[in-house]
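Q: Structure below; questions to follow.
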Amino acid sequence: MMIASAPIGEFVNGHPSTRMLALGFLVMVGMALMADGLHFHIERAFIYGAMLSPASSRRSTCGAGNAPRREGTPRLKYESSAGSRGYDPVIQAEALPDAARAVSLRRGRKVMKPIAWAAAAMLAASGAPASADTEYKAAVIRVDAPGPMPISRLDLRPDDLGFAGATLGTADNATTGGFLKQTFVTETVAATPETVEAELQRLLDAGIWWIVTLAGEAMTVRLADLAGDRALVLNAAATGDRLRGEDCRPNLLHLAPSDAMLTDALAQYLVWKRWTDWFLIEGSHPEDQALAAAYRRAATKFGATIVEERRFEDTGGARRTDSGSVQVQAQMPAFTQRASEHDVVIAADRSGVFAAHLPYHTWEPRPVAGSAGLVPGSWHPAHEAWGATQWQTRFERAASRTARDEDYQVWMALRALGEAATRTNGGDFAAIRDFVASDRFDLAAFKGQKLTFRDWDGQLRQPVLLTTGTVVSSVSPQAEFLHQVSQLDTLGIDRPETTCTQRGNQ
């Protein structure tokens, strides 16, 4: 490029019409980037066609300077400071003869053609074919089940968990939809395990077919079965691999990363660090054991070794009493004593019983990862890359708190609806459902690349953040791990491994 820059620069400087054409291309590209920032999609055929049209024309702008001139048409030239000769684009219009003015106008029309094409592309992409005054209804159902208090008061669940993400997602959809005469309405429902089915039935009867759920694994399956072919259910909380495998459903998509994705993300980083000998500690609850199984799979997949496993039994008790920290300080060193030589302690504690007490309490001075220490997740308040700062700022301004994974995942679920509404005509449920599941759908979500759904299990491909307290330490997939289709498919269950049979997989 450096070698070619000099002759190309001389050519452009010697042909002012080429300079104008290049300026037109820059304006067109700038318009396309602005449109992408507003979540308008411009088909690349418009841009490429606009660029190729002048170049392929027999009398294109680039060749106008050497085109045969008509009899009586003067060739106006200027002398630059470098001594080169060419057409002067800055000559006053009133100083031009009539014939030269006509030539200049013709050239101006040709130069402006790409810009006009780009403007037409933006109008076409802005949803002109969409139905006027189309209303899109969505609902977010959060199932509040009783459970133990978290170890730290900093982990207390806010009352608007998930709902704050819904508010921002609906507002972002309205920003785009306002240009297309589209309106977006989202209802938020806080239900209990006893009332959630009645609430879902009420929403279905009201014609709401975009349902975002914040529920456990078993409840998510129940809600998807109840919705059937009347609605598309988007899981924004449950991470269990069975939801993407044996318990998958054709009407169920997953915005929350799976256990397999989270554990693979951490495993890639630890293997890259060459911390390949793991001491795995799992909790006694079923969800803890499922997470531990995902870590065993990740270790096998990426070449790590689990040198020892232990189970921490949940015996109940008051973990937040005055004596709790004293008990843990005495208990954790003894629990981790005499473990096989290892590089890192992996905690599989989905229920939140013991993992938070592991850092700085292990017998050997070893880093902790998994459910404490270095933690994989879909979002973190410290994430600032790829434009995430502006999202964080808008969320914090609206909610008066920092965002959690559930907020981000609900936001993505509603933005998926907004993106599909922009790219399809009208508010037809079948058209939007089919588009979201197709390879034409993608979602911009402040993670450095466009996100898409896997057709074999309905999981959203996405990078996973690895965080330690107030810092994002890394983002997986790590660059050293490659895939024949998408590097994001190095995280989680790949097509050949899937056990989902309800989405057309054999």
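The values are calculated or read from the model by the stated rules, or taken from the named source; none is laboratory data. Since this is a predicted model, take the numbers as computed values, not measurements. Glycine also receives a Cβ, built like all others from the backbone with ideal geometry; neighbour counts cover every protein chain displayed. The protein model used for the area step is the full one, side chains on, heavy atoms only, and it has no ligands, DNA or RNA in it. Shrake-Rupley method; radii C 1.70, N 1.55, O 1.52, S 1.80 Å.
Q: Kindly evaluate residue 422 against the criterion of being exposed (fewer than 14 other Cβ atoms within 10 Å of the Cβ) and not in a loop (DSSP other than H, G, I, E, B). Please lay out each step first, then the result.
A: Details: exposed (fewer than 14 other Cβ atoms within 10 Å of the Cβ): no; not in a loop (DSSP other than H, G, I, E, B): yes.
Criteria not met by residue 422.
Q: Also, I was wondering about something else. Please work out which one of (1) crowded, with 17+ Cβ neighbours inside 10 Å; (2) farther than 13 Å from residue 376 by Cα is the condition residue 486 fails and give its number.
A: That leaves (1) as the condition not met.
Q: Let me ask something additional. Scan 404, 461, 415, 423 and give me the residue that is touching a Lys or Arg at 6+ places or on another chain (Cβ under 7 Å) and in contact (Cβ under 8 Å) with a residue 24 or more places away in the chain. Walk me through how you get there before you give the answer.
A: Working: 404 fails: touching a Lys or Arg at 6+ places or on another chain (Cβ under 7 Å); 415 fails: touching a Lys or Arg at 6+ places or on another chain (Cβ under 7 Å); 423 fails: touching a Lys or Arg at 6+ places or on another chain (Cβ under 7 Å).
461 is the lone residue from the list that is touching a Lys or Arg at 6+ places or on another chain (Cβ under 7 Å) and in contact (Cβ under 8 Å) with a residue 24 or more places away in the chain.
Q: Continuing with this model, one more query. Out of all the residues in segment 426-451, which are touching a residue at least 12 places away in the same chain (Cβ under 8 Å) and open to solvent by 40 Å² or more (accessible area, probe 1.4 Å)?
A: The answer is 433, 437, 439, 440, 444, 448, 449.
Q: Turning to a different aspect of this structure: Quick one: which residue in 220, 170, 192 is of a type in the set (S, T, N, Q) and open to solvent by 40 Å² or more (accessible area, probe 1.4 Å)? Give the derivation first.
A: On the way: 220 fails: open to solvent by 40 Å² or more (accessible area, probe 1.4 Å); 170 fails: open to solvent by 40 Å² or more (accessible area, probe 1.4 Å).
Of 220, 170, 192, the one residue that is of a type in the set (S, T, N, Q) and open to solvent by 40 Å² or more (accessible area, probe 1.4 Å) is 192.
Q: If you don't mind, there's one more thing I want to ask. Take residue 494 and decide whether it is in contact (Cβ under 8 Å) with a residue 24 or more places away in the chain, at negative phi and charged (D, E, K, R). First the steps, then the outcome.
A: Values: in contact (Cβ under 8 Å) with a residue 24 or more places away in the chain: no; at negative phi: yes; charged (D, E, K, R): yes.
Against the criterion (in contact (Cβ under 8 Å) with a residue 24 or more places away in the chain, at negative phi and charged (D, E, K, R)), residue 494 does not qualify.
Q: So residue 411 clears everything in (1) in contact with a strand residue (DSSP E or B) (Cβ under 9 Å, 6 or more places away or on another chain); (2) surrounded by 15 or more Cβ atoms within 10 Å (Cβ to Cβ) except one condition, right? Which one?
A: Result: residue 411 fails condition (1) only.
Q: How do the strands (runs of 3 or more DSSP E) wholly within segment 332-402 filter down when requiring 2 or more residues that are in contact with a His (Cβ under 7 Å, 6 or more places away or on another chain): which remain? Working first, answer last.
A: Details: elements: 344-348, 368-370, 375-377.
It comes to none.
Q: Among the residues of segment 326-378, how many are more than 26 Å from residue 462 (Cβ to Cβ), modelled with pLDDT of 95 or more and β-branched (Val, Ile, Thr)?
A: Of the residues in that region, 3 qualify.
Q: Which of the following residues is part of a helix (DSSP H, G or I) and farther than 30 Å from residue 356 by Cα: 415, 440?
A: Selected residue: 415, the only one of 415, 440 that is part of a helix (DSSP H, G or I) and farther than 30 Å from residue 356 by Cα.
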